[in-house]
Amino acid sequence: MPVITEVNDLKKIYKRRVPKMFYDYAESGSWTEQTFRENTSDFEQLYFKQRVAVDMDGRSTKTQMIGRDVAMPVALAPVGLTGMQCADGEIKAAKAAEKFGVPFTLSTMSICSIEDVAEHTSAPFWFQVYTLKDDDFMQRLFDRAKAANCDTVVITVDLQMLGQRHKDLKNGLSAPPKLTVKSIANMMTKAHWGLGMLGTKRRFFGNIVGHAKGVKDPSSLHTWTAEAFDPSLDWDRIRQFRKMWDGKLIIKGVMEPVDALEACNVGADAIIVSNHGGRQLDGALSSIRALPAIMDAVGDKIEVHLDSGIRSGQDVLKAIAMGAKGTYIGRAFVYGLGAMGEAGVTKTLEMMHKELEISMAFCGHTDINTVNRDILYVPKGFSGNWE
């Protein structure tokens, strides 16, 4: 086993171990992938201010996200098909998050169901939902989440229709994978992954198959998916969802100040500044560039989190310094999961925590709750000056 010191080390192992269609599913964006690339590269434009002769003892990254105590301001983002990256992937990731002390967010498009994850964990996890047309299915999703002890729902508002992801189309992405000459040849080189999949019963979309109307088996899923998403979504529809769910609510996918203000008016507890990891509108700003204008617009009216582009503890520190109260990792934990299962997710969290804690201390702070924009050099025009 190679020495693993950063997330990219796990990514290299992940690429070797997981079938190409699932690696490409995670490691891609829509259209030209400009936004996908800039989500990470824009963090590199922010520079730290190093402080010296500062007492670095007693360092703490503990804080809260929407009132929940967390070991560091990081949550595992909702990622569809996680159970195809590694057998029982959602369960393994949720267990790692629980042991580390950070929230896990389960996607509606997960392989393991809400009930599967609840059965194998004890801490409340968060559940992500899409804005679907079927009120009955939506209400049952909320009810199932409550029965599974989920205390927070994350509504994704930037996926009324799918942005085109070229790699997924070329690979014929599906769960379970379609057996073609190309896919079989690739999977034959992924013995570790294949053995894991043979040993689990969870290979389909567990929250949908057997729960959505007319979806009794995987063959009927494609038709349902094509018809389920609601292109007519508006803020009144989101208010209806707010009435269906009486727990904490986070709205994910906000990129403009005007939408951030709308989110404040529908009873949300937090918003996530996110462009869906560059998988929806290509050519949109990176999340870290969009954050300052949103912070200026909402002030302390609502808690603001950031998703998309986080690959290190230093990225987390920069996002917190720019005003976010929490961050989310998706691809970063998937790299660890695909590489080493639950242990890989734990390794990702451990490395990010160390990077965050040490970098914070070098910037003159021993408590993540005291970090602010003063620790950064921010280039002029980073977040605006647009015509």
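The values are calculated or read from the model by the stated rules, or taken from the named source; none is laboratory data. Computed from a predicted model, the values in this text were never measured in an experiment. Note that we place each Cβ from the backbone using ideal geometry, even for glycine, and neighbour counts take in every protein chain shown. For the accessible areas, the whole protein counts, side chains as well, though only heavy atoms, and no ligand, DNA or RNA atoms are used. Shrake-Rupley method; radii C 1.70, N 1.55, O 1.52, S 1.80 Å.
Considering only the stretch 340-356, how many residues are over 19 Å from G309 (Cα atoms) and more than 18 Å from the chain's Cα centre (by Cα)? Residues in the stretch 340-356 being over 19 Å from G309 (Cα atoms) and more than 18 Å from the chain's Cα centre (by Cα): 2 in total. In the set (1) of a type outside the set (G, A, S); (2) under 20 Å from R202 (Cβ atoms); (3) in contact with a strand residue (DSSP E or B) (Cβ under 7 Å, 6 or more places away or on another chain), P103 fails one condition alone, (2). Against the test of being touching a Ser or Thr at 6+ places or on another chain (Cβ under 8 Å), part of a loop (DSSP other than H, G, I, E, B) and open to solvent by less than 30 Å² (accessible area, probe 1.4 Å), the options A284, A290, A268 yield a single qualifying residue, A284.
Taking (1) modelled with pLDDT of 95 or more; (2) closer than 30 Å to S60 by Cα in turn, R279 satisfies each apart from (2). Let me spell it out: the conditions are (1) crowded, with 24+ Cβ neighbours inside 10 Å; (2) of a type outside the set (G, A, S); (3) farther than 15 Å from V345 by Cβ, and E90 meets all of them except one. Which number is the exception? So the condition that E90 fails would be (3).
Would you call I91 among the β-branched types (V, I, T), in contact with a Cys (Cβ under 6 Å, 6 or more places away or on another chain) and either in a helix (DSSP H, G or I) or without any contact (Cβ under 8 Å) to a residue 60 or more places away in the chain (or both)? So that I can check it myself, show each step before the final result.
On the way: among the β-branched types (V, I, T): yes; in contact with a Cys (Cβ under 6 Å, 6 or more places away or on another chain): yes; either in a helix (DSSP H, G or I) or without any contact (Cβ under 8 Å) to a residue 60 or more places away in the chain (or both): yes.
When the stated conditions are applied, I91 passes them.
Beta carbons closer than 7 Å, at least 6 apart along the sequence or on distinct chains, pair a first residue in the stretch 47-61 that is hydrophobic (A, V, I, L, M, F, W, C) with a second that is in a loop (DSSP other than H, G, I, E, B) and surrounded by 10 or more Cβ atoms within 10 Å (Cβ to Cβ) for F48/C363; V54/G364; M56/T366. One residue stands out among those in the stretch 112-135 that are free of Cβ contacts under 8 Å to residues at least 60 places away in the same chain and either open to solvent by less than 10 Å² (accessible area, probe 1.4 Å) or among the hydrophobic types (A, V, I, L, M, F, W, C) (or both): the one that is nearest to G199 (Cα to Cα), which is V117.
Tell me which helices (runs of 4 or more DSSP H) are completely within the stretch 163-230 and hold 2 or more residues being open to solvent by 30 Å² or more (accessible area, probe 1.4 Å), within 18 Å of I111 (Cα to Cα) and among the aliphatic types (A, V, I, L, M), or say none if there are none.
Where helices (runs of 4 or more DSSP H) fall fully within the stretch 163-230 and carry at least 2 residues being open to solvent by 30 Å² or more (accessible area, probe 1.4 Å), within 18 Å of I111 (Cα to Cα) and among the aliphatic types (A, V, I, L, M), they are 191-198.
Within the stretch 307-324, residues that are within 12 Å of M295 (Cβ to Cβ) reach no partner that is at pLDDT below 95 with beta carbons closer than 7 Å at six or more positions or on different chains. If the condition is being open to solvent by 50 Å² or more (accessible area, probe 1.4 Å) and within 19 Å of Q34 (Cβ to Cβ), then the stretch 136-162 contributes only L162. Only residues that are touching a Leu at 6+ places or on another chain (Cβ under 8 Å), small (G, A, S) and either in a strand (DSSP E or B) or within 17 Å of V54 (Cα to Cα) (or both) were counted across the stretch 356-387, and they come to 1. Looking only at residues in the stretch 342-358 that are open to solvent by 10 Å² or more (accessible area, probe 1.4 Å) and touching a helix residue (DSSP H, G or I) at 6+ places or on another chain (Cβ under 6 Å), which one is nearest to S110 (Cα to Cα)? Of everything passing the filter in the stretch 342-358, E342 is nearest to S110 (Cα to Cα).
Do the conditions hold for I294, that is, is it among the hydrophobic types (A, V, I, L, M, F, W, C), touching a Pro at 6+ places or on another chain (Cβ under 8 Å) and in contact (Cβ under 8 Å) with a residue 40 or more places away in the chain? Before the answer, list the steps.
Working: among the hydrophobic types (A, V, I, L, M, F, W, C): yes; touching a Pro at 6+ places or on another chain (Cβ under 8 Å): yes; in contact (Cβ under 8 Å) with a residue 40 or more places away in the chain: yes.
When the stated conditions are applied, I294 passes them.
Scanning the stretch 28-60 for residues that are buried (at least 16 other Cβ atoms within 10 Å of the Cβ) and either acidic (D, E) or in a strand (DSSP E or B) (or both) yields E33, E38, D42, F48. Summed over the stretch 296-314, the residues that are assigned to a helix (DSSP H, G or I) and open to solvent by 20 Å² or more (accessible area, probe 1.4 Å) give a count of 3. Contact list please: Cβ distance under 8 Å, first residue in the stretch 342-371 and within 21 Å of V117 (Cβ to Cβ), second residue surrounded by fewer than 17 Cβ atoms within 10 Å (Cβ to Cβ), pairs at least six apart or on different chains. Pairs found: T346/K99.
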